[in-house]
Amino acid sequence: MNNNILDVLTYMFDYLFEVAEQNSSREIDDITLKAYLSDAGFEVARINKALSWLENIASLQDGKTLTFSGSNSGMRIYSESEQLKLDAKSRGFLLFMESVGQIDANQREMIIDQIMSLGGDSAVSLEDFKWVVMMVLGNSGDEALSPQWLESIMFLDDNHAIQ
């Protein structure tokens, strides 16, 4: 089984959504979740790395990151390593999200930070990039974001616009 952090995270979210649909009052503790992921074939080190990755989102959301003020009319210049990790489609998707007001500069930077923290040298696919966007925004605590809108991110393609 491909054992990268995004694989662990997407498998975990599928499981959590399934559990939530079956019994909304049931809480999953870390031990149960880790056991489930381990039984699914994921390495313990990758599971722990994925959970740390999620904890990092929470710390970013708690204001432990640089904030940008003013208008969003500035231009984001990507470093060479960011360009290698985020291909033109992913950067374009991020620019589109920001230009239509679905994310702000702080959220953009959180998304980029989380992508860069995944490790590896190869570019993240657009599908995986959308998962990261959904996870970062879904953990933002922003009540204005609807679950339907977050889900629509995953199914957005080049021929459709976000509503």
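Straightening the chain between D14 and R91 buys 25.1 nm, computed as 0.36 nm per residue apart minus the Cα-Cα spacing. Ranked by how many other Cβ atoms sit within 10 Å of their own Cβ, fewest first, the residues M75, M134, M116 fall in the order M75, M116, M134. Extension gain for E80 to N4 (0.36 nm times residue separation, less C-alpha to C-alpha distance): 25.1 nm. For I47, I57, the sequence from fewest to most other C-beta atoms within 10 Å is I57, I47.
For E27, E98, the sequence from fewest to most other C-beta atoms within 10 Å is E27, E98.
Just so you know, all these numbers are worked out from the coordinates, no wet-lab data involved. The structure displayed is predicted, hence computed values, not measured ones. We place every Cβ from the backbone using ideal geometry, glycine too, and count neighbours over all the protein chains shown.
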